[in-house]
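Participant: So that we are looking at the same thing, I have put the structure below in C-alpha cells.
The values are calculated or read from the model by the stated rules, or taken from the named source; none is laboratory data. Quick caveat: nothing in here was measured; it's all calculated off a predicted structure. As a convention, Cβ positions derive from the backbone with ideal geometry for all residues, glycine included, and neighbour counts pool all protein chains shown. These accessible areas exclude ligands, DNA and RNA; they are computed on the full protein's heavy atoms, side chains included. Shrake-Rupley method; radii C 1.70, N 1.55, O 1.52, S 1.80 Å.
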Amino acid sequence: MMLASTSLLRGLPSQLHISRRMSTIAFVAPHDPIKSSQAISGVDLVQIWAQAVPSSTDESAKVPKVGTTRVFYNTPESKITAISSLGEGFEKKKGNERREMVRKSVGSAVKTLRGLDGLKEIHIDAEKDPHAAFFTLKTLPPSRFNPNLKEPIPEKITLKAIQNSKEWEEGAVYAYSQNLARTLMELPANIMTPTAFCERVKFEFAGVENVELIVRDTAWAAEKGMNTFLSVTHGTSEPAKFLEIHYKGAPQKDAQPLAFVGKGITFDTGGISLKSRVGMKLMRGDMGGAASVVSAALAIAKLKLPVNLVVCTPLTENMPGPSATKPGDIVYAMNGKTVEVDNTDAEGSLGFMRYTTTATEYKPHTLIDVATLTGAMVSALGEIYTGVFSSSDKLWEKLNEAGEHEFDRFWRMPLSEDFGPQIYSSNADLCNTGGAAAGSCTAALFLKAFAEGIEPKEGEEPKMNWAHLDIAGTMEATRTYAVSGEGDDWEQCSV
C-alpha cells in the first residue's frame, strides 16, 4: 500500500475523463493546492484539481497531504495529466524540506502512472526542483540490466522534463547510478558472481573519460600478503576478485585522491558459522557496499567532478567448504597484526579491512568505507538511517549535510576505545567479533585499527579523514515509501 493517497478520477465531464484506451504521453504536475493559478501545456491545474478535490476551494478544509495524486484523461492535446499535491505550507518551506516535498509529490505521480497500458512517455513539470523531480523506473520488464543481453534494451517508459535544465540532466546521472547499485544488489548470487560483477562494471564504465579499471586475482593478493581476506575465500570455488577504479578529474593529476572502499561479499552463508536459513537469500545483497561505491564512482566520472578518486572493492563468496576458515583460527594481517577468527560470519571485517589498508597506500586525504556489516546496525537504526562512525567531525558534518540534502539520512554512532576490551581480549592482537553487545561499534573499532593515518601527532592534523558507513539496515526497503516500492523495486535520483 502506498503512503501517498492515489486514485483515478471518475464522474467528471467527458472532456476530462475517458476510458483507459488513451494517449501514449502523460504529464506530471506537482501542485500547490492553495495556488490560485497554475497551468502546464494548456492544462488549467487549479480548475481540474478543484473538480477532483472539491474541498480545495474551501479555505477551512484540510490541504491534501503531499503525494495525494489524481489522474485526468483526455486533457488538452488528448494527453493524460497526473496532478500531485505538494502538501500544506509548501511555499513556506525551504531547502531540504522543500526538496523532499517535490520528490514525494513527483514520485507518487510517476508511481501511479507507470502501470497504465500503452504509456510511452511521461513529461514532468520540473520547475520547482529539477534535480529532485528526476525519476527513473528500474524493473519494468524486460530488465535493462539482464546480464545475458548483448545490447541494452530501450526503456519502456521515457521520462522527460517540460523545462529541460542542467540540474535535470545531472539528476538523470544520479538516478541511473543509484538504480545500478540496487540492481547489482538484487541480482541472484549465481548471476552476480565476483567475476560477473567486474564484467558489469567494465561495461558500465566503457567510454567514460579519465577512468582506469584494474581487476586483480588471488595470486596478486597472496603476493601482497592479504591473508585476512584470503581466509574468507577458502570455502568457495568461485574465484575471488579485487576491483580498483581510478578516476582522475582534478586539475592537478597528482592531487591527493578521495578513496572509497566497498565490501563485496557476493553471497554470505556465514561460512562455518552458518547463518539461519530464514532470510538467507537476502545475503545476495551483501556486496551492497561494493555496489554503492562503484555506482557513486560512475556518477562522479560521468559528471566530470574535479576530484581524483580511488575505489577498492574486494569480491568473494563466504561459503562453508572443506577448506573454509574455522572459528578459532588465527590469521596474520599484512601490517603484522594477528587476528583471531571468533566467528566466520564476521567475514566483512576480515576481508574489508585489508582493502582499507590497500586504499591508504594511495595516500587519500579522505577514506570512506561502505559495508552491509552488522546485524546490530539493523537493530539500532532499522532501515531509516545509515550508521556512521567517523574519526573526523568535519567529515561527519559533510556526510550529514549530503544525507539531509538527498533525504538519504545518516546517524553518527560512537567510535570509542571504551569498547576496545571486547575485541582486544583474545589469543591474538584483535578478535574479529566482540560479542553481541554494541556489535556495530566493536566492528567499526576493528576497522579503525587498519585505517592508517587517522590518528594525528600532537599539534598536527591527521593525514587522513575516515568514515565507516554501515548500511546493513538501509540495504533493503521492507515497506513502501512515496518514492520507492517494497523491495526497492524502483527509485529516483537521490544517492
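Participant: Can you tell me which residues in segment 137-185 are more than 30 Å from residue 472 (Cβ to Cβ), of a type in the set (S, T, N, Q) and at pLDDT below 90? Show your work before the answer.
Facilitator: From segment 137-185, those more than 30 Å from residue 472 (Cβ to Cβ) are 142, 148-169; that's our starting set.
Remaining after also requiring of a type in the set (S, T, N, Q): 148, 158, 163-165.
Answer for segment 137-185, where residues must be more than 30 Å from residue 472 (Cβ to Cβ), of a type in the set (S, T, N, Q) and at pLDDT below 90: 148, 158, 163, 164.
Participant: Out of segment 103-122, which residues are open to solvent by less than 60 Å² (accessible area, probe 1.4 Å), over 17 Å from residue 480 (Cβ atoms) and either in contact with a Pro (Cβ under 6 Å, 6 or more places away or on another chain) or part of a loop (DSSP other than H, G, I, E, B) (or both)?
Facilitator: Of everything in segment 103-122, those that are open to solvent by less than 60 Å² (accessible area, probe 1.4 Å), over 17 Å from residue 480 (Cβ atoms) and either in contact with a Pro (Cβ under 6 Å, 6 or more places away or on another chain) or part of a loop (DSSP other than H, G, I, E, B) (or both) turn out to be 116, 118, 119.
Participant: Condition check: among the charged types (D, E, K, R), assigned to a helix (DSSP H, G or I), at negative phi and touching a strand residue (DSSP E or B) at 6+ places or on another chain (Cβ under 9 Å). Does residue 397 satisfy that? Please lay out each step first, then the result.
Facilitator: Details: among the charged types (D, E, K, R): yes; assigned to a helix (DSSP H, G or I): yes; at negative phi: yes; touching a strand residue (DSSP E or B) at 6+ places or on another chain (Cβ under 9 Å): no.
It is false that residue 397 is among the charged types (D, E, K, R), assigned to a helix (DSSP H, G or I), at negative phi and touching a strand residue (DSSP E or B) at 6+ places or on another chain (Cβ under 9 Å).
Participant: Please state which of the following conditions residue 53 fails to meet, knowing it meets all the rest: (1) within 37 Å of the chain's Cα centre (by Cα); (2) modelled with pLDDT under 85; (3) farther than 27 Å from residue 115 by Cα.
Facilitator: The one condition residue 53 does not meet is (3).
Participant: Restricting to segment 416-425, name every residue that is out of contact with any Gly (no Cβ under 6 Å at 6 or more places or on another chain) and crowded, with 19+ Cβ neighbours inside 10 Å.
Facilitator: Let us first name the residues in segment 416-425 that are out of contact with any Gly (no Cβ under 6 Å at 6 or more places or on another chain), namely 416-421, 424-425.
Selection gives 419 alone.
Participant: So residue 80 ticks every box in (1) within 30 Å of the chain's Cα centre (by Cα); (2) at pLDDT 90 or above but one. Which box is left unticked?
Facilitator: Among (1) within 30 Å of the chain's Cα centre (by Cα); (2) at pLDDT 90 or above, residue 80 violates only (1).
The rows are residues; the columns are (1) in a loop (DSSP other than H, G, I, E, B); (2) open to solvent by 70 Å² or more (accessible area, probe 1.4 Å); (3) modelled with pLDDT under 60.
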site	(1), (2), (3)
10	yes, yes, yes
16	yes, no, yes
23	yes, no, no
33	yes, no, no
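Participant: Hey, another quick one. Keeping to segment 440-461, report how many residues are farther than 15 Å from residue 258 by Cα and either open to solvent by less than 30 Å² (accessible area, probe 1.4 Å) or touching a Gly at 6+ places or on another chain (Cβ under 8 Å) (or both). Explain how you work it out, then say what you get.
Facilitator: First pass over segment 440-461, keeping only residues farther than 15 Å from residue 258 by Cα: 440-450, 455-461.
When the remaining residues are screened for being either open to solvent by less than 30 Å² (accessible area, probe 1.4 Å) or touching a Gly at 6+ places or on another chain (Cβ under 8 Å) (or both), the result is 440-447, 450.
Qualifying residue count for the region: 9.
Participant: Quick check on my filter: what residues within segment 262-315 are open to solvent by 40 Å² or more (accessible area, probe 1.4 Å) and basic (Lys, Arg)?
Facilitator: 275, 277, 281, 284, 302, 304 - these are the residues of segment 262-315 that are open to solvent by 40 Å² or more (accessible area, probe 1.4 Å) and basic (Lys, Arg).
Participant: Sticking with this structure for a sec: Among (1) open to solvent by 10 Å² or more (accessible area, probe 1.4 Å); (2) closer than 16 Å to residue 446 by Cα; (3) acidic (Asp, Glu), there is one condition residue 369 misses while meeting the rest; what is its number?
Facilitator: If we test residue 369 against (1) open to solvent by 10 Å² or more (accessible area, probe 1.4 Å); (2) closer than 16 Å to residue 446 by Cα; (3) acidic (Asp, Glu), just (1) comes out false.
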